[in-house]
Amino acid sequence: MNLSLYAYRFEFRALDAVRFAPGSAANTFRGAFGSILKSIACRPECDGTKSCAWRGQCSYARLFEPVWPGGPSGFADAPRPFVIRASVLDGRSYSAGGCFSIDVHVFDLGAPVLESLVLAFLRLATEGIGVGRGRVELVRVHTLTVSREPGICVYESGLGLASQPGIPIELPLAAQAEAPVDGTILRFVTPTELKSRGRVLESAPFGVVFARAYDRVRTISFLYNAARPEMNFYGMSERAAAIGTVSSTLQWVTVERRSSRTSQVHPLGGFVGEVRYAGDLREFLPILRAAYWTGIGRQTVWGKGVMDVVPLPQVAIISDR
């Protein structure tokens, strides 16, 4: 009943002026990682990952075009086994010598993903990134702890890669013994797109948020942790649907990306902001906390669906009698 993942913080130093367009940083790094990894991993004779005879040994196919034989409708392609968190860089500029970092969460524990990430990001020193493709140097990589603080160093410029990728984070998915809460705030940090009954929502009813978080966490755990968390979902979903919204600051934002490979424009919009829910939500907190690491909704690999949870402790009422 755990979700296991590696989480890393990649620290860079700008060699040139570097600028990231608003709403684009995570997708920019994803695109750079994919194109560089493909040039490193794919054989010249490969005519596509779907039919490639070596796809079982290809790190690009495993990370960017995973398949799900027998998957449910709409999931013939499996969710990619990583997400990149770089929204703090959106719209930011860095002069030469400036430092910045991104986080990468990796769900495929059986593959040397860290090595692939390091090899790809080292190439940014020559290929560049962002608007104008400024060059950046990969300085070091740390693991992250469950409290999101830097752990051990697994790569250092000049010293190379550590022999081990670090220790996975273990997130319990079953309800834990916790202090009572008097409501919960969910912060939708990057554009989040949720669907219910085929319709894109502009609000975040708790029942839908919990269902999408449960689906995402359960799917990632099943595909990449070889585990299928078994919970009383139907009972929990009924109770989740009864949770009321106290207040909301959600607003819809519109962002687009243009594929460098196909030149197609893809909408990356969704809502951002905070929603406060009423009641004691302790039984839902493990799934919601796990969903911070996986993201929820559509296009999480492009940086969407970052959601953070803030339980509100129950305040004791002291009588003056």
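Read-outs throughout are calculated quantities, based only on the coordinates presented, and are distinct from any laboratory measurement. Given the structure is predicted, the values throughout are model-derived calculations rather than measurements. Here Cβ is always computed from backbone atoms with ideal geometry, including for glycine, and neighbour counts include all displayed protein chains.
A few comments on the model shown:
- Counted residue by residue at 0.36 nm each, then reduced by the alpha carbon distance between them, the extension gain from S93 to L312 reaches 75.3 nm.
- Helix-only [θ]222 nm of the chain, DSSP H runs n ≥ 4, -39500 (n - 2.57) each, per residue, nearest 500: -7000 deg cm²/dmol
- For the stretch 2-7, Karplus couplings with θ = phi - 60° (6.51, -1.76, 1.60), whole Hz, Gly/Pro x: 10, 9, 10, 7, 9, 10
- Listed residues G132, L173, V310: farthest to the positive end of the dipole of the chain (Cβ charges): G132
- Full-stretch length increase - V253, T145 - with 0.36 nm per residue and alpha-carbon distance subtracted: 35.8 nm
- Taking only Cα atoms of the chain, radius of gyration then Dmax in Å: 20.5, 83
- Table column - 3J(HN,Hα) (Hz), the stretch 299-312, Karplus curve with 6.51, -1.76, 1.60, x for Gly and Pro: 6, 5, 5, 8, x, 7, x, 7, 10, 10, 10, 10, x, 9
- Each other residue within a Cβ distance under 11 Å of S4 adds +1 if Lys or Arg and -1 if Asp or Glu, for a net charge of -2.
- The convex hull built on the alpha-carbon positions of the stretch 173-313 has an orientation-averaged projected area of 9.2 nm².
- Among A96, F10, S35 - extreme Cα towards positive end, dipole of the stretch 2-170, charges at beta-carbon: A96
- Cβ-Cβ FRET estimate between Q176 and V246, R0 fixed at 25 Å, reported to 0.05: 0.55
- Annotation: the residues M231, M1, sorted from fewest to most other C-beta atoms within 10 Å of their own C-beta, follow the order M1, M231.
- Amide proton proximity set for R85, modelled H, under 5 Å, gap of 5+: D103, V104, H105
- Alpha carbon convex hull of the stretch 146-204, volume per residue in cubic angstrom: 221 Å³
- Under-5 Å amide H pairs with V154, H placed in peptide plane, nonlocal only: V141, H142, T143
- Integer Hz, Karplus 6.51/-1.76/1.60 couplings in order for the stretch 278-291, x for Gly and Pro: 9, x, 8, 9, 4, 5, 8, 4, x, 5, 5, 5, 5, 5
- Stretched out straight at 0.36 nm per residue, the stretch from S163 to F233 would grow longer than its current Cα-Cα span by 21.2 nm.
- Ranked E127, E149, E11, criterion: other C-beta atoms within 10 Å, fewest first: E149, E127, E11
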